[in-house]
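Below: the structure, in structure tokens.
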Amino acid sequence: MNSKEYFSLKFENDELIFLDQTKLPIEEIYHSTSDYERVAEAIEKLEIRGAPLIGIAAAYALALSMKNANKESINDTFNSAFERLKNTRPTAVNLFFALNELKNVFQNSNTLNDIYNLLLNKAKDIHIDDIKKCELIAEKGLKIFNKKSIVLTHCNTGKLATGGEGTAFNVIKQAYKKDLVEFVYADETRPLLQGSRLTSFELEKEGIPFAVQTDSSAASLFSTGKIDLVVVGADRIASNGDTANKIGTYNLAVLCSFHNVPFYIAAPTTTIDKNIKTGNEIEIEYRNSEELFNFKGHKIIPSKFNTYTPAFDVTPSKLIKGIITEEKIYEYPYNFNNV
Ligand code: MRU
């Protein structure tokens, strides 16, 4: 395979083929499976990651659970696959959105004869819809550039995190193509390094000039006055616009506020959770302490130490200048209950 032609996942011949993101950028390894349990493990281990992508993967996995299901126990099989996939990660709402879409199809189908294909078609629709949403987000997002800009981003929001070309990453990519981006700073994104391993991988493939920096370098960079804008993704957006994204995002929003730099979120509307009013209701995932005890396979601190390991933080909506969706750029104050 040409190294430029990577993909995050695709569904072919009744199998989900996915790129193992834990091995990037050193190795590009693809796994194939028709087992929903293997997909659940891949989501838990972050082999498959990024809010929209885990929703798509879980949808394909739930469909796969029905492929050879025994008619007598089909309800039980569906419910246990649904629960297993739902419990893989708690924060990104796209996971629950996609699983519930399939549940509606399951519950509303008159005959369970062809349920595998019905669910598979729904999963494909969700995938295709995300591709389209990524294109529209980038199109709408071009409006945030009023000059050729130096941009800072956090975590990974590209092809590796979505079904299409990305959210915040695609805004940057399309703006670069229009000569609106001069340079990108990519936060390394501790502890799993989605920025230094994955965003740098994607920026290099696109030929966009960039530097990787430790997360803690951001304040120093802002003090040079070099950053024109920050654009990042989201895992869940509450009705009032409070936004959960990768840990360290809130730090950037505070820095933007202090330095008067616009801070934008880019996300599909499937990331908006209208069932919750504010960010206080968002369940935050905590990672295993082992990720702090070890670095590159080596023990660096004793396992007896206490750790604090949130995978996401919540940025208060008043710090967010705009939320770029496939529909339009929403501006503060947000009220997604009315849209
Ligand atoms: O833990 P991860 O790598 O799944 O976290 C991903 C993020 O925080 C992304 O910014 C978010 O999911 C948006 S992806 C388009």
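The values are calculated or read from the model by the stated rules, or taken from the named source; none is laboratory data. Source: prediction; values computed, not measured. All Cβ positions, even for glycine, are placed from backbone atoms using ideal geometry, and neighbour counts span all protein chains on display. Side chains are part of the model used for accessible areas, which takes the heavy atoms of the whole protein and leaves out ligands, DNA and RNA. Shrake-Rupley method; radii C 1.70, N 1.55, O 1.52, S 1.80 Å.
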May I ask you to list pairs of residues, at least six apart or on different chains, whose Cβ atoms are under 7 Å apart, with the first in region 23-48 being under 25 Å from K67 (Cα atoms) and the second being assigned to a loop (DSSP other than H, G, I, E, B) and open to solvent by 70 Å² or more (accessible area, probe 1.4 Å)? S34/K67
Need the failing condition index for S289 against (1) polar (S, T, N, Q); (2) free of Cβ contacts under 8 Å to residues at least 60 places away in the same chain; (3) open to solvent by 40 Å² or more (accessible area, probe 1.4 Å), just the number. (3)
Pairing a residue in region 167-179 that is not assigned by TED's automatic domain parsing to the domain that holds R236 with any residue that is within 15 Å of the ligand (Cβ to nearest atom) and of a type outside the set (F, W, Y), where Cβ atoms lie under 7 Å and the two sit 6 or more apart in sequence or on different chains, gives none
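Would you please name the residue that is nearest to I324 (Cα to Cα), looking only at residues in region 146-179 that are more than 16 Å from the ligand (Cβ to nearest atom) and either β-branched (V, I, T) or open to solvent by 20 Å² or more (accessible area, probe 1.4 Å) (or both)? Talk me through it step by step, then tell me what you get.
Step one: list which residues in region 146-179 are more than 16 Å from the ligand (Cβ to nearest atom), which gives 146-150, 175-179.
Subsequent filtering for residues that are either β-branched (V, I, T) or open to solvent by 20 Å² or more (accessible area, probe 1.4 Å) (or both) retains 146-148, 150, 176-179.
On the way: N146: 16, K147: 18, K148: 19, I150: 18, Y176: 17, K177: 19, K178: 18, D179: 20 Å.
Going through the qualifying residues, I end up with N146.
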I'm checking my understanding of the structure. Among residues of region 298-331 that are among the aliphatic types (A, V, I, L, M) and open to solvent by 30 Å² or more (accessible area, probe 1.4 Å), which one is nearest to the chain's Cα centre (by Cα)? V314
Among (1) open to solvent by 30 Å² or more (accessible area, probe 1.4 Å); (2) within 16 Å of the ligand (Cβ to nearest atom), R89 falls short only on (1)
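In the set L120, L64, L112, L136, which member is more than 19 Å from the chain's Cα centre (by Cα), among the hydrophobic types (A, V, I, L, M, F, W, C) and open to solvent by 20 Å² or more (accessible area, probe 1.4 Å)? Full working, then the answer.
Working: L120 fails: open to solvent by 20 Å² or more (accessible area, probe 1.4 Å); L64 fails: open to solvent by 20 Å² or more (accessible area, probe 1.4 Å); L136 fails: more than 19 Å from the chain's Cα centre (by Cα).
Selected residue: L112, the only one of L120, L64, L112, L136 that is more than 19 Å from the chain's Cα centre (by Cα), among the hydrophobic types (A, V, I, L, M, F, W, C) and open to solvent by 20 Å² or more (accessible area, probe 1.4 Å).
Y30: open to solvent by 10 Å² or more (accessible area, probe 1.4 Å), touching a helix residue (DSSP H, G or I) at 6+ places or on another chain (Cβ under 6 Å) and more than 30 Å from D313 (Cβ to Cβ), yes or no? Break it down stepwise before answering.
Values: open to solvent by 10 Å² or more (accessible area, probe 1.4 Å): yes; touching a helix residue (DSSP H, G or I) at 6+ places or on another chain (Cβ under 6 Å): no; more than 30 Å from D313 (Cβ to Cβ): yes.
For Y30, the condition - open to solvent by 10 Å² or more (accessible area, probe 1.4 Å), touching a helix residue (DSSP H, G or I) at 6+ places or on another chain (Cβ under 6 Å) and more than 30 Å from D313 (Cβ to Cβ) - is not met.
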Scan region 220-240 and report the pairs whose first residue is of a type outside the set (D, E) and whose second residue is at pLDDT below 95, with Cβ atoms within less than 7 Å and a gap of 6+ or a chain change. S239/N337
Quick one: what pairs do we get from region 254-277, first residue within 16 Å of G50 (Cβ to Cβ), second open to solvent by 40 Å² or more (accessible area, probe 1.4 Å) and within 16 Å of the ligand (Cβ to nearest atom), C-beta under 7 Å, 6+ apart or different chains? T270/F97
For region 1-42, which residues satisfy the criterion of being more than 16 Å from the ligand (Cβ to nearest atom) and hydrophobic (A, V, I, L, M, F, W, C)? M1, F11, L16, I17, I26, I29
